[in-house]
1. Examine the stretch 390-397 for a residue that is basic (Lys, Arg) and either within 18 Å of Glu154 (Cβ to Cβ) or touching a helix residue (DSSP H, G or I) at 6+ places or on another chain (Cβ under 6 Å) (or both), and state whether such a residue exists.
2. Taking the stretch 114-166 as the search range and keeping residues that are over 18 Å from the mean Cα position of the chain (by Cα) and among the acidic types (Asp, Glu), which one is surrounded by the fewest Cβ atoms within 10 Å (Cβ to Cβ)?
3. Given the residues Thr348, Thr295, Thr300, Thr399, which is the only one that is without any contact (Cβ under 8 Å) to a residue 24 or more places away in the chain and closer than 30 Å to Ile262 by Cα?
4. I'd like to check which strands (runs of 3 or more DSSP E) are fully inside the stretch 82-195 and have at least 1 residues that are of a type in the set (D, E, K, R) and at pLDDT 95 or above.
5. Give me a count of the residues in the stretch 81-94 that are surrounded by fewer than 17 Cβ atoms within 10 Å (Cβ to Cβ) and touching a residue at least 12 places away in the same chain (Cβ under 8 Å).
6. Just checking, how many residues over the stretch 251-281 are outside any strand (DSSP E or B) and surrounded by 13 or more Cβ atoms within 10 Å (Cβ to Cβ)?
7. Inside the stretch 370-399, can you point out the residues that are under 14 Å from Ala143 (Cβ atoms) and of a type outside the set (Gly, Ala, Ser)?
Amino acid sequence: MKSIIDLVKKINGKVIFVIVFFALIALPLICINTDPNRILKTENRGAAHFPEIIMDDNMFNTDFLAQFETYLADNIGFREEATVANAALKYGLFRKLEVGNFMEGQPGEIFYNTDGHTGIETFQGINHYSEEEMAGTLPSVLAIRDYWKENGAEFLILMIPDKEGIYPERYLSTIIRQSDQSKLELWTQYMKESSDLNALFLKDALEEAKKDYDKLYYSNEDGTHWNMNGAFIGYQQMMRGLQDFDPQLKEIEQDTISVKEIPYHGAMIHLHWSELLNQVFNWDDIVYEYEFGFTGEDKTEDYKNAHSLGADVQLYYYINQESLNDKKLLVIGDSYVYSFMMPMLSQTFKEVVFVSTATLTQESLRSIQNDFQPDYVVFEAVERAFSLSDFQRLAGFMTLT
């Protein structure tokens with residue numbers, strides 16, 4: 001009798017073990033994310049959507065399995081919790097930073113890096129564009145410049161180096177540079193030497209400013225951007241470029257700006273929600289807040305409601321009746337402008353439209369030109385966001401009606 005009881009206990013124990021085992025396997029799938037707008041906070045990006053099975057041309061999606069694997073990896077239950085625990089464990093034990101899109105150089109110095117961004121190769125100077133590649137973009141750039149000129153607008157190119165290009169001493173000491181000139185620096189130089197384009201690469205200006213500012217880029221509060229000090233240098237250089245067209249353009253004087261230094265401690269700003277990561281990523285930084293006398297009014301929603309630009313186009317619109325100049329400015333660029341320079345630009349120009357290069361379409365650019373009719377157009381790009389195809393992609397707007 002006792003042996004039967006023991007056998008039952010053993011069977012029950014095995015059954016319970018099997019049930020618990022399969023429950024642990026199934027639970028992440030049961031708790032899979034169903035929110036199509038979910039943001040992966042540890043990686044500061046949107047989660048992958050469930051892939052289409054049948055494409056618009058009624059053909060089977062041949063990439064379905066690979067896309068489904070990505071979808072599952074992004075949305076499986078408890079993903080964020082597991083990612084946080086893994087990041088904390090590896091950094092705490094081995095000081096190895098495993099947070100999407102980021103890498104650590106010198107202690108506490110965070111740099112942008114992903115599989116799709118060749119930041120290390122750019123820093124090394126081993127991925128320069130060929131002369132044929134640079135020459136291939138020149139006709140599109142000149143055609144865009146000439147089109148704006150014919151429509152009453154001057155055209156400026158403003159290129160921004162990555163953080164490691166300005167602070168190589170804070171980067172990985174094991175990386176050897178073959179050239180201290182990056183591919184975007186050489187591309188900008190080629191545009192200037194091969195034409196009469198007004199093109200600026202801000203490396204020299206930012207390196208000179210290092211003598212007067214403790215920091216021009218964030219150390220770790222924001223691992224991808226310059227801070228307001230760097231943005232103000234960028235603003236000054238933009239104004240110098242535009243003053244080449246019109247020396248009478250006024251700009252914000254530095255002594256009219258109130259600057260606050262705010263100590264920052266913990267993880268990167270987009271990870272600050274995690275108490276665990278705030279304790280493990282024990283970093284210090286300074287946030288510089290710039291306060292301006294009179295900035296423009298944000299009328300973005302009014303502009304979007306009045307114009308059919310497409311739901312995915314990222315655009316900002318400011319208007320200021322008391323601006324320093326009675327002029328209109330259009331900026332085609334990235335977050336280095338819309339996250340940092342809009343208060344300065346909206347104080348300087350009567351109307352400012354910013355539109356993201358990544359989301360801009362030929363149709364939306366044509367609509368902006370027809371309705372906004374800027375006096376100045378600035379094409380801005382930070383090194384990691386620039387692609388030679390940007391100009392060729394956008395040049396088609398000139399033929400639209």
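The values are calculated or read from the model by the stated rules, or taken from the named source; none is laboratory data. Keep in mind that this is a model prediction, so the values were computed, not measured. Virtual Cβ from ideal backbone geometry, glycine too; neighbours counted across all protein chains shown.
1. Within the stretch 390-397, none of the residues are basic (Lys, Arg) and either within 18 Å of Glu154 (Cβ to Cβ) or touching a helix residue (DSSP H, G or I) at 6+ places or on another chain (Cβ under 6 Å) (or both).
2. Glu132
3. Thr300 is the lone residue from the list that is without any contact (Cβ under 8 Å) to a residue 24 or more places away in the chain and closer than 30 Å to Ile262 by Cα.
4. On the way: elements: 102-104, 110-112, 154-160.
Because the criterion is at least 1 residues that are of a type in the set (D, E, K, R) and at pLDDT 95 or above, the strands (runs of 3 or more DSSP E) in the stretch 82-195 that meet it are 154-160.
5. Start the filter on the stretch 81-94 by keeping residues that are surrounded by fewer than 17 Cβ atoms within 10 Å (Cβ to Cβ), which leaves 81-82, 85-86, 89-90, 92-94.
Of the ones still in play, those that are also touching a residue at least 12 places away in the same chain (Cβ under 8 Å) are 85-86, 92.
Result for the stretch 81-94: 3.
6. If we filter the stretch 251-281 for residues that are outside any strand (DSSP E or B), which is where we start, we get 251-257, 267-281.
Restricting the remaining residues to those that are surrounded by 13 or more Cβ atoms within 10 Å (Cβ to Cβ) gives 251-252, 257, 267-274, 276-278, 280-281.
The qualifying residues number 16.
7. Initially, the stretch 370-399 is screened for residues under 14 Å from Ala143 (Cβ atoms), giving 377, 379, 390-399.
Within the stretch 370-399, Val377, Phe379, Asp390, Phe391, Gln392, Arg393, Leu394, Phe397, Met398, Thr399 qualify.
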